[in-house]
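Asker: Sharing a structure here in structure tokens format.
The values are calculated or read from the model by the stated rules, or taken from the named source; none is laboratory data. For clarity, every value in this text was computed on a predicted model and none was experimentally measured. FYI the Cβ positions are ideal-geometry reconstructions off the backbone, even for glycines, and counts take in every protein chain you see.
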Amino acid sequence: MDSPYVQQQNQIIGRIVGNVAKINKDIISLNSQLDDIITSNNDIDQFSKLWLQYIKNSETYLDTTNQDSF
């Protein structure tokens with residue numbers, strides 16, 4: 001016959017294992033969402049760099065053709 005403390009400890013360990021499994025699943029979901037955000041931010045960063053280059057090129061063109069800048 002098991003001691004009541006052993007049963008209580010087993011129940012507590014069971015709850016801990018269950019909670020850790022839930023946390024693990026949530027962390028996997030969070031990591032997936034963070035990956036999506038990082039990908040989106042990289043796309044925005046790339047667009048921003050292209051846009052800045054476009055502005056520089058436009059200003060250079062306007063300067064060389066003696067036209068007013070933006």
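Asker: Take Leu62 and decide whether it is part of a helix (DSSP H, G or I), surrounded by 10 or more Cβ atoms within 10 Å (Cβ to Cβ) and at pLDDT 95 or above.
Answerer: Criteria not met by Leu62.
Asker: Also, quick follow-up: Being over 26 Å from the mean Cα position of the chain (by Cα), of a type in the set (Ser, Thr, Tyr) and surrounded by 10 or more Cβ atoms within 10 Å (Cβ to Cβ) narrows it down to one of Tyr5, Tyr54, so name that one.
Answerer: Tyr54 is the lone residue from the list that is over 26 Å from the mean Cα position of the chain (by Cα), of a type in the set (Ser, Thr, Tyr) and surrounded by 10 or more Cβ atoms within 10 Å (Cβ to Cβ).
Asker: Could I ask something else about it? Which of (1) under 20 Å from the mean Cα position of the chain (by Cα); (2) not small (Gly, Ala, Ser); (3) not in a helix (DSSP H, G or I) is the odd one out, the single condition Gln67 does not satisfy?
Answerer: Against the list (1) under 20 Å from the mean Cα position of the chain (by Cα); (2) not small (Gly, Ala, Ser); (3) not in a helix (DSSP H, G or I), Gln67 comes up short only on (1).
Asker: Do the conditions hold for Ile38, that is, is it on the phi < 0 side of the Ramachandran plot, within 16 Å of the chain's Cα centre (by Cα) and modelled with pLDDT of 95 or more?
Answerer: Spelling it out, Ile38 is indeed on the phi < 0 side of the Ramachandran plot, within 16 Å of the chain's Cα centre (by Cα) and modelled with pLDDT of 95 or more.
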